[in-house]
Amino acid sequence: MTDLKSNPGLERIDVHHHLVPPFWGEALPSHGGDPSGWSTPAWSPDASLAFMDDQQIATAVLSLTAPGVTGWQGPARRNMARRVNEFAAGLVAQWPDRFGAFATLPLPGIDTALRELKYAFDALHADGVVLLSNYGDHYLGDLAFSALWAELDRRQAVVIVHPAKPAISVIEGMPGPIVDYPFDTTRTAVQLVLNGVVARSPRVKIILSHAGGFLPYAAHRFSELASALRTDVPSSADLLESFRSFYFDTTLSSGPEELLALQSFARQGHILYGSDFPYAPAGVAESFTAKLDAFENRSDGERAAINNGGARKLFQRLSADAVA
């Protein structure tokens with residue numbers, strides 16, 4: 001493994017990179033397992049660092065993937081979230097230039113989530129928060145989460161939205177990450193906009209996983225139909241601008257057709273590199289990075305913004321001035 005000073009060629013900032021704390025992975029099967037049908041991969045910090053060196057990743061901002069800590073109940077859920085966050089903070093302390101961390105919250109309980117949010121930011125100095133696209137019957141635009149969004153806005157937080165299994169059956173041979181995850185990301189993103197959360201929380205920077213599902217492709221549809229069918233939403237043009245305010249990672253989504261659509265929709269600097277390691281097998285993650293590098297319909301400035309420029313503006317600790 002290398003550090004940044006010994007290898008200045010490491011340039012990417014990976015905003016979608018998972019950790020698998022051993023105590024969490026061992027306990028997950030007895031707490032509901034992963035309902036999406038995906039297997040928990042083997043992982044270690046050294047495995048992440050080796051992958052990062054191979055893919056020219058300077059820093060990976062770590063997050064716990066779905067189902068997070070939703071399988072635990074009551075105090076056990078709070079305790080597991082705390083253990084995960086302290087484990088992640090330990091990795092950042094050991095490799096401060098190679099790792100960042102998104103904090104896990106013990107949702108859907110709002111009071112306990114707000115307490116863990118305070119601890120994660122004030123004591124552990126987390127770089128942001130990971131939220132799942134749904135928590136049972138509640139999507140992120142639900143009024144139940146209003147106090148959480150208000151606090152995230154007050155703190156000008158960075159939030160990555162990671163998809164979770166929607167409340168539908170998994171189709172045989174099609175585990176959730178293949179199709180259901182992009183669908184659920186889209187579902188929660190549209191609700192966030194239509195219910196006014198994005199407009200009321202302008203200081204929160206929200207990253208949508210996997211290029212936002214099919215949001216960039218269908219944003220005009222959502223905007224036009226919502227403004228025609230609902231009397232409590234802004235104009236279609238205003239809705240479209242709210243959709244464009246999201247950030248989008250390239251995780252498993254950097255085929256040329258996808259990038260063309262995303263590039264034409266997203267604001268400058270709002271497309272960020274992501275790998276999905278280790279849940280995406282290394283060969284798959286490497287293939288999508290190669291497709292990203294081979295994409296020719298972009299300027300050098302756009303390339304740099306995706307690789308690291310956009311992320312450096314989001315994460316103060318990773319800004320060019322801080323790294324220098």
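The values are calculated or read from the model by the stated rules, or taken from the named source; none is laboratory data. Just so you know, these numbers come straight off a predicted model, no measurement behind them. Note that we place each Cβ from the backbone using ideal geometry, even for glycine, and neighbour counts take in every protein chain shown. Areas reflect the complete protein model, heavy atoms only, side chains present, ligands, DNA and RNA absent. Shrake-Rupley method; radii C 1.70, N 1.55, O 1.52, S 1.80 Å.
Given a 1.4 angstrom probe, I'd like the percentage of the accessible area of the chain that is carbon and sulfur, rounded to a whole number.
54
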Work out the charge dipole of the chain with +1 on the Cβ of Lys and Arg and -1 on the Cβ of Asp and Glu about the Cα centre, then indicate which of 192, 269, 113 is farthest towards its positive end.
113
Taking the Cα centre of segment 259-324 as origin, work out the dipole magnitude from +1 charges on Lys and Arg Cβ and -1 charges on Asp and Glu Cβ, in debye rounded to 20.
240
Candidates 162, 125, 31; GNM for the chain (alpha-carbon contacts under 10 Å) flags as most fluctuating 31
Considering Cα pairs under 8 angstrom that are at least six residues apart, work out the relative contact order of the chain and quote it in whole percent.
18
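Averaged per residue, what accessible surface does segment 251-324 expose to a 1.4 Å probe, in Å²?
With the other protein chains kept in place, segment 251-324 gives 48 Å² per residue.
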The long-range amide H neighbours of residue 247, using H built 1.01 Å from N in the peptide plane and a cut-off of under 5 Å, are 206, 207, 208
May I ask you to give the solvent-accessible area per residue for segment 50-180, in square angstrom, as obtained with a 1.4 angstrom probe?
38
Can you tell me which of 231, 104, 186 moves the most in a GNM of the chain? Springs connect C-alpha atoms under 10 Å apart.
231
Rounded to 5, percent antiparallel among DSSP beta bridges of segment 1-118:
0
Which percentage, to the nearest 5, of the DSSP beta bridges contained in the chain is antiparallel?
10
Whole-Hz Karplus couplings 3J(HN,Hα) for segment 91-105, θ = phi - 60° and coefficients 6.51, -1.76, 1.60, Gly and Pro as x, run 5, 5, 5, 6, 10, x, 8, 9, 10, x, 8, 8, 6, 9, 10
Segment 245-267 versus segment 124-142: alpha-carbon centroid distance in Å
22
Compute the Cα gyration tensor for segment 158-281, then decide on rounded, prolate or oblate, letting a ≥ b ≥ c be the square roots of its eigenvalues: rounded whenever a/c is under 1.5, prolate when a/b is larger than b/c in the other cases, and oblate in all that remain.
prolate
Check each of the trypsin sites (Lys or Arg not before Pro) in segment 202-276 and keep only those in coil by DSSP with at most 14 other C-beta atoms within 10 angstrom; list them in order.
203, 230, 267
Is the shape of segment 242-324 best called rounded, prolate or oblate, per the rule: a/c under 1.5 gives rounded, else a/b larger than b/c gives prolate, else oblate, with a ≥ b ≥ c the square roots of the Cα gyration tensor eigenvalues?
oblate
